[in-house]
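Encoded as structure tokens, the structure appears first; notes follow it.
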Amino acid sequence: MADTGISSSSGARGAPGSVATQATLPIARKPSRLFRNLASKIALVPMILTVLVIFVGCTIWTVVHSFTSSKLLPKLDFVGLAQYERLWGNDRWMVSIKNLAVYGTCSMIFSLVIGFTLAALLDRKIRFENTFRTIILYPFALSFIVTGLVWQWILNPDFGIEKVVRDLGFESFVFDPLHSDQFVIYGILIAGLWQGTGLVMCLMLAGIRGIDEDIWKASRIEGIPVWKTYVQIIIPMIRPVIVTSVVLIASGIVKVYDLVVAQTSGGPGTSSQMPALYVMDRMFKDQNLAQGFAASTMMLVAVAIILIPWAYLEFGGKKSRG
Amino acid sequence: MADATANTPAVGIGPGPRGAKPRNAFAPRNIMLYGTLIIVAIYYALPLYVMIVTSLKGMPEIRMGNIFAPPLEVTFEPWVKAWSTACTGINCDGLSRGFWNSVWILVPSVVVSITIASVTGYALANWKFKGSEFFFAVLLIGAFIPYQVMLYPIVLVLKNLGDGISFFTVALGLGKVQVYGTLWGLVIVHTIFGMPILTLLFRNYFASLPEELFKAGRVDGAGFWGIFFRIMLPMSLPIFVVAMILQVTGIWNDFLFGVIYTKPEIYPMTVQLNNIVNSVQGIKEYNVNMAATLLTGLVPLIVYFVSGKLFVRGIAAGAVKG
């Protein structure tokens, strides 16, 4: 009896076991609700502080100060939407947004397509699967700084791919994305994809492996070609993995910073600027704090636009998870 | 009909031969499959190869030759130079300083972040109280907030924290304490931003352990810490290894927090690397740059190649709901 009483009250297990009589145990009232489960509450202080001070507090602080005219030091003299008007009238910011749109769209599409294709290839019961996976995933262990610097070197026009191809006899071959206003963003994209597709592949492979073997038997009996099975049956079945990948890729895209710093430092000129760079330069170089806060608030809004529909789709119907 | 047969694998498919069709290793399909994978693998492996090859060449050979060609004369001089004499600004003591800075940042950050996150995850899994799940949900949402939004207010938080601690240390005659711009400031930041993913990892792991263990501990009179140290910890070595892999690679590869929350004397390796390679003064020594890049990437690469499947498990665990 006592046993069932304890287990049914799981979740809010009481403070040190004051052994009451069997009859009163399930409804025994503790002296104060605040001190019940005290050790757990103390253990969660770091998390609660992080949530309240950093994630909630600092975010609200930044959003509030984005409506002020803070320059070198933060101050609370509100100027309404002036910072935002300035932001959207700024050429560098507009270039950043355009770059982010191009980089984001390409990165999303290519990551998903390449990631899924590679996962499907590795799923074909091949030999040396582990070797291939290890090679494709290792860039993910490297930092964006290392990634950016390596690709800066490979794309170097005087020594890299351009020179190698010209030495082969194609004298007029041009492949110098990092020094071209127009193509610099694709140079960054190449490096970004090299670093990140391994992760998408691994997620997709785990998703594909989780599918019941019977699906394959059924599709073989029906005579459906393998590629068609992947496209029409497997993709819809691994929808949750794809959604996870999309969210991961998207939040990575918005944050992209170190890669650009290492590869081009935002140049040539301002042609490879990204929102994160804009924020950092305004806040820590130009002493134009409020402008940086306004730009970072726009980044937050962008993330919210991506996340809220996802959270709604994923968790909207269900009450609990875990 | 097809479904019925597919769902009963023990019954063969019709009267014909059973089992998989014997495969011909050189069927066109296989050549296509392995051909594609080998080309992809070469593409992914190429930058690492170029890094190694370049770092072993002398500058004259680099100017003359092809970046993909193996070195004619192997020299380790660039490695020695990158490690001990490469210059950033006026300092010419090489990357070794950045390396040791990174080690000094890495060790306390990994220990503190994992300690706090494991206790937090344990409390969330086994000692829930009203509101604990809510804070956890906000913590997970917080993982998606772009860092740029919180960077500046965290500077203020760290400064105030330093002042707050100084209030006591000065009273005790120990002098002023600084948190912002020091190693411990960075440790706090890494602990904060590692918390969502690590807590999720630990919480899910502890929640997956059989509840009977926990109950048995309670019946035997163990409290919060007793159960944690004597029952949970001995069972959770694998998850601690996964968490270590995540944190070691993540913190080693960090650039953004290193730039903002430390001073030039204690810049981590990634920041120093970027300063060495992207410095505008002097002649560019590409072999030294690549040796420096490789040195910086070495720690995560070793972690990756040694840990193998655990690394994949770590990122998958992190990615599934992170």
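The values are calculated or read from the model by the stated rules, or taken from the named source; none is laboratory data. Bear in mind that the values here come from a model prediction, so they are computed numbers and not experimental data. Using ideal geometry, Cβ is built from the backbone for each residue, glycine included, and neighbour counts are taken over all protein chains shown. Accessible surface areas use protein heavy atoms only, side chains included; no ligands, DNA or RNA. Shrake-Rupley method; radii C 1.70, N 1.55, O 1.52, S 1.80 Å.
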field: Share of carbon and sulfur in the accessible heavy-atom surface of region B:29-75 [1.4 Å probe, %]
entry: 79
message: Using only the alpha-carbon atoms, how far is helix A:144-154 inclined from the longest principal axis of chain A? Give it as 0 to 90 degrees, nearest 10.
response: 20
Region A:83-139: radius of gyration and largest Cα-Cα distance (Dmax), Å: 19.0, 58
- request: Starting from the Cα of A:Asp91, move 7 Å in the Cα-to-Cβ direction to define the label point; list residues of region A:250-290 whose amide nitrogen is under 13 Å from there.
  value: A:269-271
message: Rolling a 1.4 Å sphere over the protein heavy atoms, what is the accessible area per residue of chain A, to the nearest Å²?
response: 48
- line: Per the rule of 0.36 nm per residue minus the C-alpha distance, extending B:Ala216 to B:Leu46 adds in nm 55.7 nm
- line: A correct Stokes-Einstein calculation for region B:136-216, using the alpha-carbon Kirkwood radius, 20 °C and 1.002 mPa s, returns a whole-number D in µm² s⁻¹ of 140
field: Partner chain coverage, peptide A:163-172 - average Cβ within 10 angstrom
entry: 1
- prompt: Where the accessible area of region A:86-315 is counted over protein heavy atoms with a 1.4 Å probe, how much of it, in %, is carbon and sulfur?
  reply: 65
query: Too long at a 25 Å Cα-Cα cut-off: which of A:Lys71/B:Lys159; A:Lys255/B:Lys57; A:Lys41/B:Lys215; A:Lys98/B:Lys159; A:Lys285/B:Lys176; A:Lys41/B:Lys309?
result: A:Lys255/B:Lys57; A:Lys98/B:Lys159; A:Lys285/B:Lys176; A:Lys41/B:Lys309
- prompt: Highest mean first, what order results for A:103-113, B:36-46, B:101-111 on Cβ atoms within 10 Å?
  reply: B:101-111, A:103-113, B:36-46
- prompt: Accessible area per residue of chain B at 1.4 Å probe, in Å²?
  reply: 48
task: Just report the Cα centroid separation between region B:69-129 and region A:189-255, whole Å.
output: 34
- prompt: If you average over every viewing direction, what projected area does the convex hull of the Cα atoms of the protein assembly as shown give, in nm²?
  reply: 37.6
message: On the Cα set of region B:29-75, report Rg and Dmax in Å, please.
response: 14.4, 46
- prompt: Where the convex hull is taken over the Cα atoms of region B:35-151, what is its projected area averaged over directions, in nm²?
  reply: 13.9
- line: The helix A:91-122 Cα axis meets the longest alpha-carbon principal axis of chain A at an angle in degrees, between 0 and 90 and rounded to 10, of 80
query: What is the interface area between chains A and B, defined as buried accessible area summed over both chains with a 1.4 Å probe, reported in Å² to the nearest 100?
result: 8800
- prompt: Net charge near A:Phe170, counting Lys/Arg +1 and Asp/Glu -1 over other residues with Cβ under 15 Å of its Cβ?
  reply: -2
Cβ-based net charge around B:Gly65, under 10 Å, with every Lys or Arg adding one and every Asp or Glu removing one: +1
message: Going 7 Å from the Cα of B:Glu73 along its beta-carbon direction, which residues of region B:265-293 have the amide nitrogen within less than 17 Å of the resulting point?
response: B:286-288
task: Kindly identify residues of region A:137-159 having a loss of at least 40 Å² in accessible area between the isolated chain and the assembly of all protein chains, probe radius 1.4 Å.
output: A:Leu137, A:Tyr138, A:Ala141, A:Leu142, A:Ser143, A:Ile145, A:Val146, A:Leu149, A:Val150, A:Trp153, A:Ile154, A:Phe159
- line: Longest principal axis of chain A (C-alpha) makes with the long axis of helix A:239-255 (C-alpha) an angle, in degrees to the nearest 10, of 60
